[in-house]
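The structure appears right after this line, and notes come after that.
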Amino acid sequence: MSKTTAGSIIEVKNLTKKYKELTAIDNLSFDVKKGEILGLLGPNGSGKSTTINCILSLLKFDQGEIKILGKTMAPDALDIKREIGVVFQDVAVFDELTVWENVNYFCGLYINDKETCKQYTEEALKLVGLEDFKKFLPKKLSGGLLRRLNIACGIAHKPKIIFLDEPTVAVDPQSRNNILDGIKKLRDDGATIIYTTHYMEEVEILCDRIIILDRGKIIAAGTNDSLKDLAKVKERITIEAELSTKIQAKIAELRDVVNVKYDGKTMVISYKDARKNLAELVSLLESSRISYGKIFSERPTLNDVFLELTGKELRDQ
Amino acid sequence: MKRLLYNFKITFKNKELIFWAFGFPIIMATLFYGAFSSLINYDGMEPVKIAFVENEENQLYPVYNLVIHSLSVEDGATKTSDSKIFATTYINNRESAETSLRKDEIDGMIYFDNATDFPKLMVMTNSLNSTIIQNVMTEIEQSITAGHTFEPANLKSAGDQKMDYIMVEFYTLLAMACLYGGMIATKALDKNLANMTSSGRRIAVSAVSKAKIILGTLLTSYIIQLIGLAILFVYLTMVLHLDFGPHFPMVVFFTMVGALTGLALGTFVSAVFKVNENTKDGILTGITMLGCFFGGMMGPSMKYLVDSTIPIVNKINPSAIISDGFYALNAFDPDSNRFWLDVVSLFIITSILSTVSIIVLRRQKYDSI
């Protein structure tokens, strides 16, 4: 057993993976603390899945070191693998087996005791809300239910560490909520989760810490709030109103305003600080006897952060 | 054990696979039976017309004159009887014999090129009759080489020769079924390989060693293969009433060896070729069908042609080796060198295919998936 960074359950150091000329992962280093949900956020092709596949010892990599539970990860490290659950981006089930049999089969790859395996199978199906579909074949399930089955197969053996690689791609809102609730439950039960997605809303809801990846590099890392603090625009207020040129100029001169956009109906005002902006704006409008429709304030999103850091949207690609 | 049961279920629920591995050989057997039923049920046959060229070159092996004579019917006889299967014309001029052959007046001519070699056989078409002449010539030659006295009485009757011809078709069919069974291993392995399927990726990151997974998969595939072959045998013997000779336990043993070669071939195709599932099916089917073609599935004459022109092909062709082994079991006995040479050849091929597969499958990490 080698030394680990205090509290780290996974350590990735200087990981580099190349596909011929293309560097898919470029000198990546990070760690995952016990019991946290770490989000890997980035557009398609940013290296999220490749990173996970390298950590899981499925892919060869050119450079770097990966430790899980203090031990170097290797394809034959079965004792480490026993503690890991993986939900791949592609649905990985057998079409020939029923929902129950699929979960039981994959659970059986970790749990030898037949009765325990049965019990875990039932619990996993309950967790993802598939109790009523036990005897269904996968091809009879909707896309959302299939994703839930995919998750049940990956986590049925109650692993300590769970890799979830874009588990909500192409699912309906109901299934997505069900999946996200299930993930929170897993965290509450003590699992450490590494969650990749290109949906910023999901990482905002779920993750304790977020790493934003682009072209195989970490471009930002931190908590949801600390990442949003990286954005130059700290608040954005949108107002529907008919505004004269004079009023538009007054608004632009308000404290901390960095940018104003107006299309004749709606004005979007960006602020570099988020203190009392809404109150000041409302006060100005009322003192100028301007009537307005909707007015609302928004904090910057992770997409704004990504946009500022890379010049492109998270979902550009 | 539970995993094995699931593996059985996964395979048996793959209807396409079950059709090709189980149903297709039975359909082929039925078609063959239909095509040969007139031959199988025919009571007598016309003697095979041959010309025997007598000249000064045939002094080294006078036994041929005696044997051919003893195998020939009386002048004017129109039906074969027991070992009297030839209607022989003795000619001392090779050109005249060739002329008769070209005019289709005879099925084949036997002649000596020089005094030191065995006689040559010339036929114009590849047919049942030319195959019978070829068989007789081979048996005489083997007797002389082995230092035995050739006993015409031991030669099979025309009817038996005819059945041999037909059975060769079924032997190649059995060879096909053995090798087609490899498809079961190919598909089963693909489901367990991380670079082939998403289920394979999930299994690769599990807490079960790759060796255990692969061995379990191959064991299941082999058992399913044997079940398929058992069904085929039941159909051939019980429904079509084909006779596989007096050495049935050895036939079963040899079938298991052949199925093992099929398993190794299927594993090889799965491990070595980095292509999609359909292409792998195509490769395995191509290897099997081409091998069966060279091995005599479309008529034993093709096997003889390949054996005489490019002998190495059928020495490494598992289909030809399997069908030859069945033939050797039926025509000779289980102690014959020919049969055991076929067994050893199959084991060598199986070992080579397995070794290459193991080297490839040992790899645990991939460049890309």
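Apply the Debye scattering formula to region A:235-299, with a single equal point scatterer on each alpha-carbon and no solvent, then give log10 I(q)/I(0) at q = 0.13, 0.25, 0.27 Å⁻¹.
The calculated log intensity ratios at q = 0.13, 0.25, 0.27 Å⁻¹ are -0.28, -1.17, -1.42.
If the reach is capped at under 18 angstrom between alpha carbons, list the aspartates and glutamates near residue A:184, excluding any in the same chain fewer than eight residues apart.
Result set, ordered by chain and number: A:36, A:123, A:165, A:166, A:201, A:202, A:204, A:208.
Would you mind giving the mean number of other chain beta-carbons within 10 Å of the Cβ of each residue in A:87-99, as a whole number?
Neighbouring Cβ atoms belonging to other protein chains average 4 per residue here.
Count, for each residue of B:203-216, the Cβ atoms from other chains sitting within 10 Å of its Cβ, then give me the mean as a whole number.
Mean number of neighbouring Cβ atoms from other chains: 5.
Rounded to whole Å and ordered largest first, report the semi-axes of the equivalent ellipsoid of region A:8-228 derived from its Cα gyration tensor (root of 5λ).
28, 19, 16
Over 18 Å between C-alpha atoms is what I'm after, so list which of A:158/B:2; A:135/B:15; B:274/B:365 land there.
Violating the 18 Å Cα-Cα cut-off are A:158/B:2; A:135/B:15.
Which aspartates and glutamates, on any chain, are close to residue B:13 with Cα under 14 Å apart, when same-chain ones fewer than 8 places away are left out?
A:95, A:96, A:101
Sticking with the crude label model, points 7 Å out along Cα→Cβ, report the distance from residue A:16 to residue A:313 in nm, one decimal please.
Simple spin-label model gives 3.5 nm for this pair.
Give the lysines reachable from residue A:234 as a straight Cα distance under 22 Å; neighbours fewer than 8 places away on the same chain don't count.
Within the straight-line limit of under 22 Å, residue A:234 reaches these lysines: A:250, A:261, A:272, A:276, A:294, A:312.
Give the calculated FRET efficiency between residue B:211 and residue B:144 to the nearest 0.05, with a Förster radius of 35 Å applied to their Cβ-Cβ distance. Please report the intermediate quantities before stating the final value.
Values: r = 52 Å, r/R0 = 1.49.
Given R0 = 35 Å and the Cβ-Cβ separation, E is 0.10.
If you build the Cα gyration tensor of chain B and take the root of 5 times each eigenvalue, what three semi-axes come out, in whole angstrom, biggest first?
So the equivalent ellipsoid measures 47, 20, 17 Å along its semi-axes.
Check each of the trypsin sites (Lys or Arg not before Pro) in region A:247-317 and keep only those in coil by DSSP with at most 13 other C-beta atoms within 10 angstrom; list them in order.
Those that pass, being in a loop and sparsely packed, are A:255, A:265, A:275, A:276, A:289, A:312, A:315.
Take peptides A:192-204, B:278-290, B:317-329 and line them up by average Cβ neighbours within 10 Å, highest first, as a rough protection proxy.
Ranked from most to least packed, the peptides come out as B:317-329, A:192-204, B:278-290.
For residue B:120 and residue B:360 in the same chain, what is the full-extension length gain: residue separation times 0.36 nm, less their Cα-Cα distance, in nm? Intermediate values should be presented prior to the final figure.
Numbers: separation 240, 0.36 × 240 = 86.40 nm, distance 4.78 nm.
My answer for the length gained is 81.6 nm.
To the nearest µm²/s, what D does Stokes-Einstein give for region B:209-356 at 25 °C and 0.890 mPa s, using the Kirkwood radius over alpha carbon pairs as Rh?
Using the Kirkwood radius from Cα pairs, D works out to 149 µm²/s.
Work out the FRET efficiency for residue B:99 and residue B:69 from their Cβ-Cβ distance, taking R0 = 30 Å, and round it to the nearest 0.05.
0.85
Given N residues in region B:277-334, what is its alpha carbon radius of gyration divided by 2.2 N^0.38 Å?
1.22
Give, rounded to the nearest 20 debye, the magnitude of the charge dipole that the protein assembly as shown has about its Cα centre when Lys and Arg contribute +1 at Cβ and Asp and Glu contribute -1 at Cβ.
Approximately 4080 debye in magnitude.
Stokes-Einstein diffusion coefficient for region A:165-298 at 25 °C in a medium of 0.890 mPa s, Rh from the Kirkwood formula over Cα pairs: what value in µm²/s?
Taking Rh from Cα pairs, D becomes 137 µm²/s.
Scanning chain B for GluC sites (Glu not before Pro) in DSSP loops with at most 13 other Cβ atoms within 10 Å, what's the longest stretch left with none?
Of all site-free stretches, the longest is B:106-369.
Testing the spin-label approximation: label points 7 Å from Cα along Cα→Cβ at residue A:288 and residue B:223. State their distance in nm.
According to this spin-label approximation, the distance is 8.2 nm.
Nearest 0.05, what FRET efficiency do residue A:65 and residue A:44 give at R0 = 25 Å with Cβ-Cβ as r?
The formula returns an efficiency of 0.40 here.
Can you pull out the trypsin sites (Lys or Arg not before Pro) in region B:293-369 whose DSSP state is coil and whose Cβ has at most 12 other Cβ atoms within 10 Å?
Answer by residue number: B:362.
Once you have the Kirkwood Rh of the protein assembly as shown from its Cα pairs, apply Stokes-Einstein at 25 °C and 0.890 mPa s and quote D in µm²/s. Let's see the in-between values first.
Values: Rh = 31.1 Å.
Reported coefficient: 79 µm²/s.
State, to one decimal in nm, how far the label point of residue A:174 lies from the label point of residue B:312, with both points 7 Å from Cα in the Cβ direction.
Each label point is offset 7 Å from its Cα along the Cβ direction, giving 6.7 nm.
For region B:223-240 and region A:42-86, what is the centre-to-centre distance using only Cα atoms, to the nearest Å?
Measuring centre to centre over Cα atoms gives 47 Å.
Would you please put A:91-98, A:166-173 in order of how densely packed they are, using the mean number of other Cβ atoms within 10 angstrom per residue and starting with the highest?
On the way: A:91-98: 19.5, A:166-173: 17.1.
Answer by packing, highest mean first, reads A:91-98, A:166-173.
Set Lys and Arg Cβ to +1 and Asp and Glu Cβ to -1, take the dipole of chain B about its Cα centre, and tell me which of B:241, B:261, B:111 lies farthest positive.
B:261
Partner chain Cβ atoms within 10 Å, averaged over the residues of B:188-201 - can you pull that number for me?
Shielding by partners across B:188-201 averages 3.
Please sort A:234-247, B:215-228 by packing, taking for each peptide the average over its residues of neighbouring beta carbons within 10 angstrom, highest first.
B:215-228, A:234-247
Just so you know, all these numbers are worked out from the coordinates, no wet-lab data involved. From a predicted model like this one, the values you see are computed outputs, not experimental measurements. With ideal geometry, Cβ positions are generated from the backbone for all residues, glycine too; neighbour counts draw on all protein chains shown.
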